[in-house]
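The values are calculated or read from the model by the stated rules, or taken from the named source; none is laboratory data. Small disclaimer: the values here were computed from a predicted structure and weren't measured. Heads up, the Cβs are rebuilt from the backbone with ideal geometry, glycines too, and the neighbour counts pull from every protein chain shown. Each accessible area value is taken on the protein alone, full model and side chains, heavy atoms only, with ligands, DNA and RNA left out. Shrake-Rupley method; radii C 1.70, N 1.55, O 1.52, S 1.80 Å.
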Amino acid sequence: MEEVDVEPAVTNIPGIRHGKHMGFAWGPGDILVYETLHRASGATGSGCSFIYMVRKDEDIYSPILRKLFNESHHIFVGLQTIKEDLPSKSKKPQFVSISRNYRSVIRACMEELQQVAVSTKEAEMSTQYGNQVSILLAIELIWNLCEVLFIDAAPAGSLLLHLLDWVRLHKADVDEKAKLVLQSDSPAEHRDYWDVVVSYVLQGRLEEARQMLVKQATLRPAARNMFKLMDSLLQKMPFYNPGGTQTLTEFDVKWRNWHEEVDRCLKDNSFASNHHLELICKILLGDEDTLLERKELLSSWYHFLVTRLLYCHPTVKPTELHFYAQSCMTMFLDLSVPEPLDNILLAAFEFDIHQVIKDCSIALNNWWFVAHLTDLLDHCKLLQSHNLHFGSNLREFLLLEYAAGLFTHHSLWQCAVDYFDHCPEFGRVYLELQIERVPLDTERKALKVLRICEERQMSEQVRSICKIMAMRALRNNRLGSALSWSIRAKDAAFATLISERFLQDYCAKGTFSDLDLIDNLGPAMLLSDRLTFLGKYREFHKLYGEKRFREAAKLLLSLMTAKIAPRSFWMTLLTDALPLLEQKEVIFSADQTYELMYCLEELTSSLDAAAPGPDRPMQEEDIEVTKVELLRLALARNLASAIVKEGTVET
Amino acid sequence: MESAKYVSQKVSKTRWRPVSYSSLQQPDIFATGSWDNEDNKISIWSIGNHHGSPGLEDGFEGDPQLICDFKHDGDVLDLQFLDQEKIVTASSTGAVTIFRHHQNSQTISVSQRWARAHRYPCDNAPCTGVVCSSPEIVSVGEDGRIIVFRADQEGVTRVIENADSSTIHAVTYLRTTEILTVNSIGQLKLWDLRQQSSSPSQILSLSGDRVPLYCVDRHPNQQHIVATGGQDGMLCIWDVRQGNVPSSLMEAHSAEMWEVHFHPTNPDHLFTCSEDGSLLHWETSSHADMPSFLQGGRTSSMASWGAVTPAGGNQSLISAWLSRDSGKSRLETTHMLPSQTLSVNSLDVLGQCLVCGTDGEAIFVNRQVPV
């Protein structure tokens, strides 16, 4: 067995008394925990009668995060439909745009949470929302970095520009501070003025820094030349233009010249009389000590890293990143212990995708992020087959975990289906096991579940769902509905059972219920013999009702001779023949009468063979005997008239 | 179509609040019902006023805004406006409830509830549909019963027991005293509420097929024309005066059709939505003189109807939906939603505005339906 990566967190169950034993059962998304009496024999004393539900992933119950799940589901499905055979060149922009879509969904969600966190009055809820915001912030930060490094995979030159964008996006408090400063009466004398200028420089936003500096320069006409010099340095700093004609080497030469010029200015003490400008000058040279003195403005080691790269190594290659990242982190954090987020980002800079995913899985309380990111990276062909000791591959494993979690939700289960669909190895098994367990409160819901199963040819599940619905209808005495469900499931045995119930009801009441259904069985009638009989027997009654006696008689006879009618029903059928035999007009021909007689004899002989038991009430037997006598008489009379009639016609 | 508004609940029904026809107003308030949630809700939404600022050009005035919502016991299986402020819902618990939307305080309260209106002897039966013509309300359910209520009376006005041996999925008024129900064995049943008998006055069905029908709507002007949709996603147009088979059958969706609606004032347009995640706009035109090059345009698919000339009658009075002369009537269908994967459960159209709701927990509003 492998070592665990981190010690698992301990969750105390408040209701369970200290020192007691616990039992538990795994559920798909949660664990049931209960107190047990652990004593070999003669257990006495009171047990605790509560069962506790312990859940790891609370996020799917947040109404705002549900939007994230639903919107990303849509993006996910879109991603799966990108054609495999497209050349990778045309796929990359698509992947980048999908990655941005995911991020914009995260951002939208974050903004809404932020608003709710501010507007809510309950302190506890506010903290909870605040926590969710910070989790989403971290998620977006990591995702964005992965997008830059792995998906977009920018080469040297552009790489730094992307990293700058990344830092600017996630360190946006500068803009708010700048707004406050600019709105004040005298911006250049504002307490935060220099902080804003320096922050701009740290983020490489030199144009904005220059505009801020102008305000200071006008206040100090004496230092005019110094400000002018700084302005020209800032203006002249070269930035690489990936779309332009300039090669990376040309840019590098230009940048080195500029760097030397800044260095000269510092060395000849051009800014010695203004320590703010001198500081900026040192930053422009990428002086580590100066940068580290401004820790509170950088606020994170990765900002420090990007600033250092900007002013020391603007043509950094992806492969060199890990070296700088490692040293920046060590320098910046000094002796404090790195947080999980720091390690995740560092792993990303080291291009260790698996470490990123692993650490995220451990640090975050939901599978949403790792599942979607891994899926996207897998589409970009960035995950080499990484063998797991379980499941199929990393992508599928994470998607299954996420989807299984969704499926436990009373409402989000529908989204999970598409995720299972795109897990080639185990997705179907998961879906089969889960779909049968969706509670079916209404037919509407059952129809939706059935559609999911039918589209995927899951005939076993279709049958089981229809059976559940049929049983429920039967329990509620809705025979028509029950029959419809068993016809849909093509469940012959159940259709037979229900047909029996219909026939019993008929025998008891003398009329059929649910005629609208039985009269319209159509080809569905052939599902089971008993159902066929039910349909045909009803047809006989219809013909009889319409006084189409000859057709009715023929049908009645064929029900017995073709052995469609169950033997137990023959007496009823023969009794039905009585009024036809008693008609003035001869309806059964001589041949048909013989056949009827044969049927009757076969029935009575089998009844005799069964031997009337002593416990059989005499009265009932009497009625049977009378019935048979009556039938024999009617048959004989009909035979006589039939022979006479047929003889007459012939001559 | 405007972009999706995600609402954190699967939307089972969407309905516009009615507007008075005299003022040529566009609707601006709609109601939604949710299903399959632990706590279901009915919600009232506003899409912003139309009378105000003309500033925004393309009719886009931002997301629908939630005005108020209220807890609903069970899934909302149907929802109808009784009048400007009353909403009638059908619940999976079998209850029929009238909610009142207080527009001054923007709150909702229960004004009347018939709990367990639909039921089995020892269980609840979901109520699947309601239709109202104030003050009368008719409900149908999985228990196969038809119940008539009056909004101003507490009791039940009338019950037709065993109206259907299978589930009745939808109901609509044909005339003021006649209703039409569709069931899960593919039948349409006409009921004359003046008659005391508990059997339908007419049964229509697609012979042989037993494809369940889930929705029905009546042509707003020509009351004998009825559209239905069901499990196979086909759109069926029926003329209830003529025979008991549909006048035309058209392939529409690849899965269950959940709702069909004629445009209330421009009935040459019809809208359907389906489990397959699509929303279709159907337009029929019967302009024989129109040159063919003027037709088409947005056409994504074209269907023409069978070639049997209607027997007699005033040609101009025959609806384009029934006229079967292929030379004279054309039908265009347009998809109204971007690619979707989860079911579109409900739609409603009024004036130039259309609203629909999905299992993807999104609602879409279109304020410029080309009708």
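Provide a single number: the residues in segment A:404-437 that are more than 14 Å from chain B (Cβ to nearest Cβ) and of a type outside the set (Lys, Arg). Don't jump to the end; show me each part of the working.
Of all residues in segment A:404-437, those more than 14 Å from chain B (Cβ to nearest Cβ) come to A:404-405, A:423-437.
Those left that are additionally of a type outside the set (Lys, Arg): A:404-405, A:423-427, A:429-436.
Adding up the residues that qualify gives 15.
Since A:ASN70 meets every condition but one in (1) free of Cβ contacts under 8 Å to residues at least 60 places away in the same chain; (2) open to solvent by less than 40 Å² (accessible area, probe 1.4 Å), which condition does it not meet?
So the condition that A:ASN70 fails would be (1).
Do we have any residue at all in segment B:102-125 that's without any contact (Cβ under 8 Å) to a residue 12 or more places away in the chain and of a type in the set (A, V, I, L, M, F, W, C)?
The first filter runs over segment B:102-125 and keeps only residues without any contact (Cβ under 8 Å) to a residue 12 or more places away in the chain, leaving B:104-105, B:121-123.
Next cut, of a type in the set (A, V, I, L, M, F, W, C) only: B:122.
Scanning segment B:102-125 turns up at least one residue that is without any contact (Cβ under 8 Å) to a residue 12 or more places away in the chain and of a type in the set (A, V, I, L, M, F, W, C).
Return yes when A:PHE271 is more than 46 Å from the chain's Cα centre (by Cα) and more than 22 Å from A:HIS162 (Cα to Cα) and no when it is not.
Values: more than 46 Å from the chain's Cα centre (by Cα): yes; more than 22 Å from A:HIS162 (Cα to Cα): yes.
Answer is yes for this residue.
Kindly check whether there is at least one residue in segment A:504-512 that is of a type outside the set (Gly, Ala, Ser), open to solvent by less than 40 Å² (accessible area, probe 1.4 Å) and within 24 Å of A:TRP413 (Cβ to Cβ).
Step one: of segment A:504-512, the residues of a type outside the set (Gly, Ala, Ser) are A:504-507, A:509, A:511-512.
Now restrict to residues that are open to solvent by less than 40 Å² (accessible area, probe 1.4 Å): A:506, A:512.
In the following step, the residues that additionally are within 24 Å of A:TRP413 (Cβ to Cβ) were identified as none.
No: segment A:504-512 contains no residue that is of a type outside the set (Gly, Ala, Ser), open to solvent by less than 40 Å² (accessible area, probe 1.4 Å) and within 24 Å of A:TRP413 (Cβ to Cβ).
A:ASP622 versus (1) modelled with pLDDT of 85 or more; (2) assigned to a helix (DSSP H, G or I): which is the lone unmet condition?
Unmet for A:ASP622, out of (1) modelled with pLDDT of 85 or more; (2) assigned to a helix (DSSP H, G or I): (1).
Kindly list the number of the only condition in (1) within 14 Å of chain A (Cβ to nearest Cβ); (2) open to solvent by less than 40 Å² (accessible area, probe 1.4 Å) that fails for B:ILE203.
Among (1) within 14 Å of chain A (Cβ to nearest Cβ); (2) open to solvent by less than 40 Å² (accessible area, probe 1.4 Å), the lone unmet condition for B:ILE203 is (2).
Sort out which residues of segment B:75-91 are open to solvent by 20 Å² or more (accessible area, probe 1.4 Å) and under 20 Å from B:ILE168 (Cβ atoms), and write them in order of number.
B:GLN80
Out of A:LEU266, A:LEU277, I need the residue that is aliphatic (A, V, I, L, M) and open to solvent by 30 Å² or more (accessible area, probe 1.4 Å). Which one? Even if it seems obvious, please write down each step before you answer.
On the way: A:LEU277 fails: open to solvent by 30 Å² or more (accessible area, probe 1.4 Å).
Sole residue among the options that is aliphatic (A, V, I, L, M) and open to solvent by 30 Å² or more (accessible area, probe 1.4 Å): A:LEU266.
Quick one: B:ALA170 ticks every box in (1) under 27 Å from B:GLY351 (Cα atoms); (2) away from every other protein chain (no Cβ under 14 Å); (3) open to solvent by 10 Å² or more (accessible area, probe 1.4 Å) except a single one, so which number is it?
Result: B:ALA170 fails condition (2) only.
Considering each residue of segment B:340-362, count those that are outside any loop (DSSP other than H, G, I, E, B) and either away from every other protein chain (no Cβ under 14 Å) or farther than 20 Å from A:ASP418 by Cβ (or both), and give that number.
Of all residues in segment B:340-362, those outside any loop (DSSP other than H, G, I, E, B) come to B:344-350, B:353-358, B:362.
Of the ones still in play, those that are also either away from every other protein chain (no Cβ under 14 Å) or farther than 20 Å from A:ASP418 by Cβ (or both) are B:346-350, B:353-356.
Here the count works out to 9.
Look through A:LEU440, A:LEU450 and report the one residue that is within 12 Å of another protein chain (Cβ to nearest Cβ), of a type in the set (A, V, I, L, M, F, W, C) and open to solvent by 10 Å² or more (accessible area, probe 1.4 Å). Quick ask: steps written out before the conclusion?
Values: A:LEU450 fails: open to solvent by 10 Å² or more (accessible area, probe 1.4 Å).
Within the list A:LEU440, A:LEU450, the selection yields A:LEU440.
Of all residues in segment A:552-611 being open to solvent by 50 Å² or more (accessible area, probe 1.4 Å), of a type in the set (Ser, Thr, Tyr) and modelled with pLDDT under 85, which is farthest from A:LEU531 (Cα to Cα)?
Step by step, filter segment A:552-611, then rank; the result is A:SER605.
Among the residues of segment B:234-265, which ones are under 15 Å from the mean Cα position of the chain (by Cα) and assigned to a loop (DSSP other than H, G, I, E, B)?
Of segment B:234-265, the ones under 15 Å from the mean Cα position of the chain (by Cα) are B:235-237, B:256-265.
If the condition is that a residue be under 15 Å from the mean Cα position of the chain (by Cα) and assigned to a loop (DSSP other than H, G, I, E, B), then B:GLU256, B:HIS263, B:PRO264, B:THR265 are the ones that fit.
Hey, can you tell me all the residues within segment B:130-145 that are within 14 Å of chain A (Cβ to nearest Cβ) and touching a Ser or Thr at 6+ places or on another chain (Cβ under 7 Å)?
B:VAL140, B:GLY141, B:GLU142, B:GLY144
Filter segment B:241-261 for residues that are open to solvent by 10 Å² or more (accessible area, probe 1.4 Å) and either more than 14 Å from chain A (Cβ to nearest Cβ) or in contact with a helix residue (DSSP H, G or I) (Cβ under 7 Å, 6 or more places away or on another chain) (or both) and give the result.
Listed by number, the residues that qualify are B:ARG241, B:GLN242, B:GLY243, B:PRO246, B:SER247, B:SER248, B:LEU249, B:MET250, B:GLU251, B:ALA252, B:HIS261.
Considering each of A:THR319, A:THR330, A:THR315 in turn, give the residue that is open to solvent by 20 Å² or more (accessible area, probe 1.4 Å), part of a loop (DSSP other than H, G, I, E, B) and at pLDDT 90 or above.
Numbers: A:THR319 fails: part of a loop (DSSP other than H, G, I, E, B); A:THR330 fails: part of a loop (DSSP other than H, G, I, E, B).
After applying the criteria, what remains is A:THR315.
Out of the residues in segment B:1-18 that are part of a loop (DSSP other than H, G, I, E, B) and away from chain A (no Cβ under 11 Å), which is farthest from B:PRO64 (Cα to Cα)? It would help to see each step written out before you state the result.
Our first condition is that a residue be part of a loop (DSSP other than H, G, I, E, B); within segment B:1-18, this holds for B:1-4, B:7-10, B:17-18.
If we keep only those that are away from chain A (no Cβ under 11 Å) too, we end up with B:1-2, B:17-18.
On the way: B:MET1: 13, B:GLU2: 10, B:ARG17: 14, B:PRO18: 17 Å.
Among those residues, the one meeting the criterion is B:PRO18.
Within segment A:308-331, track down each residue that is out of contact with any Asp or Glu (no Cβ under 7 Å at 6 or more places or on another chain) and among the β-branched types (Val, Ile, Thr).
A:VAL316, A:THR319, A:THR330
If I go through segment A:564-590 residue by residue, how many of them are under 14 Å from A:ARG550 (Cα atoms) and in a helix (DSSP H, G or I)? If you could, list the steps in order and put the result at the bottom.
Going through segment A:564-590, the residues under 14 Å from A:ARG550 (Cα atoms) turn out to be A:576-590.
Of the ones still in play, those that are also in a helix (DSSP H, G or I) are A:576-581, A:590.
Here the count works out to 7.
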